[in-house]
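Asks: Please see the structure below; I have some questions.
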Amino acid sequence: MKFNKELDAIKTYEAGKPIELVVREFGIRPEQVVKLASNENPLGTSPKVAETIRANADKAHLYPDDSMFELKDSLAKRFNVEEENIIIGAGSDQILEFVSRAKLHAGSRVLMSRVTFAMYSIYALQQGAEILRTADYRHRSEEFVPMMREHKPEVVYLCTPNNPTGDATKREEVFRIIEAADPNTLVVVDGAYMEYAADRDPDYRIDPAELLRYPNTLYLGTFSKAYGLGGMRVGYGIARPEIIRALMKMRPPFNITALSLAAAIAANEDAAFVQKSLALHRQELPRYEAYAQAHGFDYIESYTNFITWIFPEGRNASEVADGLLRRGVIVRDLSSYGMNALRITVGTPEQNDRLFEAMDEVLG
Ligand code: PMP
């Protein structure tokens with residue numbers, strides 16, 4: 001059967017391996033599997049959110065409020081913006097899809113970092129757009145600005161902090177890139193891990209309200225990481241109303257579930273849970289830096305809830321990932337990104353102990 005020719009250029013997105021796979025393939029009991037592969041919140045979900053989901057269980061027959069007024073109102077207060085500045089997606093992923101469909105077509109160009117979130121290129125290729133990448137994985141204005149001037153891309157992706165590398169871009173550098181954009185270029189600032197960067201160093205904090213100074217930026221945030229709702233699939237976009245109105249034309253009705261909507265409202269109101277998650281992360285991240293130093297491999301300074309370990313020649317990241325998997329520890333092998341590296345979500349103290357023990361065994 002023939003499919004659209006654009007599909008030929010697309011490699012299917014490879015999600016982090018689920019616990020179920022390790023149970024099936026290696027016969028390890030589910031409670032013994034440690035999943036540090038998808039940057040979920042190791043503290044789980046806020047108890048208040050779990051309670052809200054239970055309380056809403058008997059409303060599953062009703063469609064959700066399609067205006068999503070309560071969630072938008074809660075986000076508008078948190079970010080000091082207006083409701084007309086907000087769109088909600090089934091994960092920020094869905095908003096990336098809206099962006100691509102609203103802006104890109106055959107012949108369009110999209111600019112992104114050499115190593116960044118894979119869905120930017122997948123959605124762009126679906127539209128037949130051309131992908132331009134910088135030489136560095138870091139987002140540097142020296143590279144972005146000349147490429148933007150030369151190629152006039154329809155969309156520029158700034159992933160800060162960047163996934164899967166974990167580095168972040170300083171505020172002033174982000175603004176330098178935004179200010180060089182052509183009026184027709186949409187600059188997407190993807191802040192999926194922004195809570196961690198802002199907690200680590202205010203020089204890396206991008207506030208969506210300040211992006212509204214610019215007519216052509218879109219900020220993306222998610223409830224999947226610091227807010228502990230990866231399984232509920234809720235993300236948001238913040239931009240000037242003209243951009244939001246265009247993206248709303250791409251949105252299917254009821255694009256998040258009633259339970260997701262209720263959960264996101266509760267999560268957005270529970271700042272204490274997020275603070276607790278950030279505190280745990282601050283405590284545990286240095287253990288990963290120390291482990292890398294003690295074992296002679298490199299790591300990228302992390303502004304996210306994960307760390308990227310880069311192995312020297314002679315130590316193969318895929319083999320290490322495989323060895324960990326056999327011991328019930330799931331991490332992300334970055335070989336498919338062209339890096340001999342592992343991306344590991346920083347877990348609870350006990351999960352991290354398990355990871356270090358398994359690493360000791362694998363390294364021999
Ligand atoms: N952007 C980045 C940089 C991400 O890492 C992810 C999740 N892996 C997303 C967007 C999408 O997140 P979600 O759809 O769960 O909101």
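Asks: Ignoring everything but the protein chains, give the 1.4 Å probe accessible area of D353 in square angstrom, nearest 10.
Replies: My reading of the accessible area for D353 is about 60 Å².
Asks: Pop out the carbon and sulfur fraction of the accessible area of the stretch 1-80 as a percent, whole number, probe 1.4 Å.
Replies: Ligands and nucleic acids excluded, carbon and sulfur give 54 percent.
Asks: Please build a GNM for the chain, connecting alpha carbons under 10 Å apart, and tell me which residue among F144, F69, F175 fluctuates the most.
Replies: F69
Asks: Which percent of the accessible area of the stretch 175-316 is formed by carbon and sulfur heavy atoms (probe 1.4 angstrom)?
Replies: Carbon and sulfur together cover 51 percent of it.
Asks: Farthest toward the dipole's positive end in the chain, which of L36, L158, V331, given Cβ charges of +1 (Lys, Arg) and -1 (Asp, Glu) about the Cα centre?
Replies: L158
Asks: Something else: N352: net charge of surrounding residues, Cβ under 10 Å, Lys/Arg +1, Asp/Glu -1, itself excluded?
Replies: Neighbourhood net charge equals -2.
Asks: Here is a further query. Calculate, for the chain, the solvent-accessible area per residue in square angstrom, rolling a 1.4 angstrom probe over the heavy atoms of the protein chains.
Replies: On a per-residue basis, the chain sits at 45 Å².
Asks: Counting each DSSP H run of 4 or more residues in the chain as -39500 (n - 2.57), what helix-only mean residue ellipticity at 222 nm follows after dividing by all residues, to the nearest 500 deg cm²/dmol?
Replies: -12500 deg cm²/dmol
Asks: Need one number: the % of Cα-Cα pairs in the stretch 47-270 sitting beyond the 26 Å mark.
Replies: 33 percent
Asks: What distance in nm separates the simple spin-label points at E179 and D58, each placed 7 Å from Cα in the Cβ direction?
Replies: 5.8 nm
Asks: Using a 1.4 Å probe on the protein heavy atoms only, what accessible surface does F79 show? Give it in Å² to the nearest 10.
Replies: 30 Å²
The values are calculated or read from the model by the stated rules, or taken from the named source; none is laboratory data. Bear in mind that the values here come from a model prediction, so they are computed numbers and not experimental data. Neighbour counts are summed over all protein chains in view; Cβ atoms, including those assigned to glycine, are modelled from backbone coordinates with ideal geometry. These accessible areas exclude ligands, DNA and RNA; they are computed on the full protein's heavy atoms, side chains included. Shrake-Rupley method; radii C 1.70, N 1.55, O 1.52, S 1.80 Å.
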